[in-house]
Amino acid sequence: MKGDLKCISGLYVGLVLTLYACTVIVQLDAASETKTCFQKKSPCFLKKQTCPNQCPSFSPPNGSSKSCVVDCSNPICKATCRNRKPNCNGKGSACLDPRFIGGDGIVFYFHGKRDEHFALISDVDLQVNARFIGLRPSGRNRDFTWIQSLGLIFGPNKKTFSLEATKAAKWDQQVDHLHLSFEGTEISLPKRDSSAWSAPGGYIQVERTSDINSVLVTIPDIAEIWVNVVPVTKEDNMIHKYGRPENDCFAHLEVQFRFFRLSPNVEGVLGRTYREDFKNPAKPGVAMPVVGGEDRYRTVSLLETGCNACVYSGGSGSLDKIEPLLLNQNTIDCTGGSSSGVGIFCKK
């Protein structure tokens, strides 16, 4: 009899624990946001994706380091986590002076020239130009350069958006060094994490990913751009012998792109690396493989679409030729284990 009571008691405890665990799981799932893919050509068309527990929100609260991302072009059709700031070691990134990682995953440097503009991306319906700042210490045969601003031209009506790091003599962590404008009009974005702005008609959205100096720019169905403003520090200056003056910390941008679609003929310093026929001239084994192209990608100004190799046409080209990009673009975060990847496994 006592044995039977112990058995019944054990079954009861097990049932209670199981019900409790199921309740917790349901509560966690309920707290996670979901999104459905409506892109008809997507392998995930009409499939609902739920954010992981490690990053339950697409726009997480202040202080969160990860947010949820849905990639409708990925056949796994599973929401994953991503860093909220540019990953300078991920594909589509442009950081430092400037160090790029192309769509082919190869690291290369493009120095350009200070106070000039170059097309990073030039496609049928999107062009992204960059203005370089820099200096040339005595005895050097080229400039040290950094990306100071981005100019975006997109869509059939050639909408324009610019984002720049404002000049500062000394870096102040409490000051917002970002200046944003849409169609030539300055954008006022509250200085708090997750504050957002959207253009009339929803052509472009901007969301802060920290209180100041970091944003995510989204052009729906075309691209996402993570941006962070940083200075050239005294340590950087000493290590690389930049010769940075005392009255300018060379505030500049760290950038990472994620594309939803690109045409097979995409061009630009970075854009060309996403082409299937691109052969990267960066020499393997070289510490700083410098890739040229200044003459091909130089533009007259930040918002000028013309260059020797530019292909932007305001979307007037055949949209049938624009294909979804099915590449893993490394905007993921691997701190949550293998489940954090977008179709890949994270390894230490």
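The values are calculated or read from the model by the stated rules, or taken from the named source; none is laboratory data. This is a predicted model, so every value here is computed, not measured. Please note: Cβ atoms are built from the backbone with ideal geometry, for glycine as well, and neighbour counts cover all protein chains shown.
Listing for the model above:
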{"quantity": "Meets criteria (in a loop (DSSP other than H, G, I, E, B), hydrophobic (A, V, I, L, M, F, W, C) and buried (at least 20 other Cβ atoms within 10 Å of the Cβ)) for VAL206", "calculated": "no"}
{"quantity": "Residue list for the range 133-168, filter: charged (D, E, K, R) and without any contact (Cβ under 8 Å) to a residue 24 or more places away in the chain", "calculated": "ARG136, ARG140"}
{"quantity": "Residue match in the range 114-126 (condition: closer than 18 Å to ASP248 by Cβ and within 19 Å of the chain's Cα centre (by Cα))", "calculated": "no"}
{"quantity": "Residue in the range 268-275 that is surrounded by fewer than 22 Cβ atoms within 10 Å (Cβ to Cβ) and either of a type outside the set (Lys, Arg) or not in a loop (DSSP other than H, G, I, E, B) (or both) present", "calculated": "no"}
{"quantity": "For THR160: the one exception among (1) over 30 Å from ASP71 (Cα atoms); (2) among the hydroxyl-bearing types (Ser, Thr, Tyr); (3) assigned to a strand (DSSP E or B)", "calculated": "(1)"}
{"quantity": "Total residues in the range 33-43, condition at pLDDT 85 or above, crowded, with 16+ Cβ neighbours inside 10 Å and not in a strand (DSSP E or B)", "calculated": "1"}
{"quantity": "Condition met for GLY139 (closer than 21 Å to ASN237 by Cβ and either small (Gly, Ala, Ser) or assigned by TED's automatic domain parsing to the domain that holds ASN265 (or both))", "calculated": "yes"}
{"quantity": "TRP146, sole failed condition from (1) among the aromatic types (Phe, Trp, Tyr); (2) over 14 Å from VAL227 (Cα atoms); (3) touching a Pro at 6+ places or on another chain (Cβ under 8 Å)", "calculated": "(2)"}
{"quantity": "Within the range 219-256, considering residues that are under 16 Å from GLY92 (Cβ atoms) and charged (D, E, K, R), the one farthest from the chain's Cα centre (by Cα)", "calculated": "GLU254"}
{"quantity": "When residues of the range 219-245 are limited to those that are outside any helix (DSSP H, G or I) and of a type in the set (Asp, Glu), the one modelled with the highest pLDDT", "calculated": "GLU224"}
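Results for (1) assigned by TED's automatic domain parsing to the domain that holds PRO231; (2) under 21 Å from ARG272 (Cβ atoms), shown as yes or no for each residue.
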| site | (1), (2) |
| --- | --- |
| PRO60 | no, no |
| SER73 | no, yes |
| ILE76 | no, no |
| ILE106 | yes, yes |
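Here's the yes/no breakdown for (1) of a type in the set (D, E, K, R); (2) over 18 Å from the mean Cα position of the chain (by Cα); (3) part of a loop (DSSP other than H, G, I, E, B); (4) under 23 Å from PRO60 (Cα atoms):
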site	(1), (2), (3), (4)
GLN174	no, yes, yes, yes
SER181	no, yes, no, no
PRO190	no, yes, yes, yes
TRP197	no, no, no, yes
VAL217	no, no, no, yes
